[in-house]
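Structure record follows, encoded as structure tokens.
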Amino acid sequence: MTPDRTATWRVVTWNILGSKDPDLARVAAILRERDPDVVALQEVRHGQARRLGRELGWQLTWARKHFPYTPLLWWRAEGLAILTPWALSQRMRSTITPGVSTWIYKHRIVAAATITRRDAALRLFNTHLASDDIDQRIAQAARVADRIRADTAHEPVLTGDLNTTGGGDVEVLRELRAVGLVDPGGVMTNPSNAPRQRLDYVLVPERATVVEAHTPAGGEEWAQLSDHLPVLVVVEIAAEP
């Protein structure tokens, strides 16, 4: 890329609630309709991510978050996935809840991969923060920010279920703003049948321009897939000056 160019990226984030066995053919069709450059999924099993990758013909990386039952039922482990029709490299997984066992849901991680097209590269980070404690969410967001600060060689974008429920979570976004990521705004994403809280985010670099953002209105047909709605953000990112 030359300094006077921008790259446009279509980014989707979606918590697909894999434990409820969503219709993966329908999930794949919805993702295909959005024509993304990269998709970040939360609460997805490894086998589900692999099937989606096959359905779409895309590259993917999956990182385990926790075992909801026991490691003996390894195929039920839940985690984060990044899928893309482009080249995928520089995979990373890092714990953001040190000392918490991977056998319980309170264990949290951040995952990342670099997406490379002919014209540009993007570093995509994906996470799922704590649902039940604001202080834990703030601490986890700070660790995500530290990982981004130490890791990225390309423009970073952060996706995920941040479990923010209102004004009390401004500190979560402040931690991420410290590494140059801003919230371009959005609509309610949960529960998917009648959304009343915004939990799902795509945070972009300060100098990026969001040209489109789309989240479905919700309804029973969406609730049959997941309790979260997918979020699409189309962002233009200028080359480094």
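The values are calculated or read from the model by the stated rules, or taken from the named source; none is laboratory data. Note that this is a predicted model, so its numbers are computed, not measured. Ideal geometry is used to build each Cβ from the backbone, glycine not excepted, and the neighbour counts take in all protein chains shown. Side chains are part of the model used for accessible areas, which takes the heavy atoms of the whole protein and leaves out ligands, DNA and RNA. Shrake-Rupley method; radii C 1.70, N 1.55, O 1.52, S 1.80 Å.
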Checklist line | Selection within the stretch 71-107 - at pLDDT 95 or above, more than 21 Å from Gln136 (Cα to Cα) and open to solvent by 80 Å² or more (accessible area, probe 1.4 Å) | finding: Gln90, Arg91
Next item on the list: Would you be able to tell me the number of residues in the stretch 61-70 that are open to solvent by less than 40 Å² (accessible area, probe 1.4 Å) and either touching a His at 6+ places or on another chain (Cβ under 6 Å) or modelled with pLDDT of 95 or more (or both)?
Entry: 2
Check: Give me the pairs: first residue in the stretch 168-185 and under 15 Å from Arg198 (Cα atoms) and open to solvent by less than 30 Å² (accessible area, probe 1.4 Å), second residue polar (S, T, N, Q) and assigned to a helix (DSSP H, G or I), beta-carbon distance under 9 Å, and six or more apart or on different chains, which are they?
Finding: Val172/Gln140
Notebook entry, point to check: Quick check: is even one residue across the stretch 208-223 open to solvent by less than 70 Å² (accessible area, probe 1.4 Å) and charged (D, E, K, R)?
Noted result: no
Checklist line | Residues satisfying the stated conditions in the stretch 1-15, i.e. out of contact with any helix residue (DSSP H, G or I) (no Cβ under 6 Å at 6 or more places or on another chain) and surrounded by 22 or more Cβ atoms within 10 Å (Cβ to Cβ) | finding: Trp9, Val11, Thr13, Trp14, Asn15
Margin query: Please verify whether Val110 is over 27 Å from Ala223 (Cβ atoms) and buried (at least 19 other Cβ atoms within 10 Å of the Cβ), treating the condition exactly as stated.
Written below: yes
Check: In the stretch 186-197, what residues are loosely packed, with under 14 Cβ neighbours inside 10 Å and touching a Gly at 6+ places or on another chain (Cβ under 8 Å)?
Finding: Ala194, Gln197
Next item on the list: Find all pairs meeting these conditions: Cβ atoms under 6 angstrom apart; at least six residues apart or on different chains; first residue within the stretch 31-43 and closer than 22 Å to Asn163 by Cβ; second residue open to solvent by less than 20 Å² (accessible area, probe 1.4 Å) and not in a strand (DSSP E or B).
Entry: Val39/Leu31; Leu41/Ile16; Glu43/Gly18
Item checked: Exclusive hit being within 15 Å of the chain's Cα centre (by Cα), open to solvent by less than 10 Å² (accessible area, probe 1.4 Å) and in contact (Cβ under 8 Å) with a residue 40 or more places away in the chain, set Leu203, Leu162 -> Leu203
Next item on the list: Hey, could you check the stretch 123-146 for residues that are part of a loop (DSSP other than H, G, I, E, B) and of a type outside the set (D, E, K, R) and say which is surrounded by the fewest Cβ atoms within 10 Å (Cβ to Cβ)?
Entry: Ser131
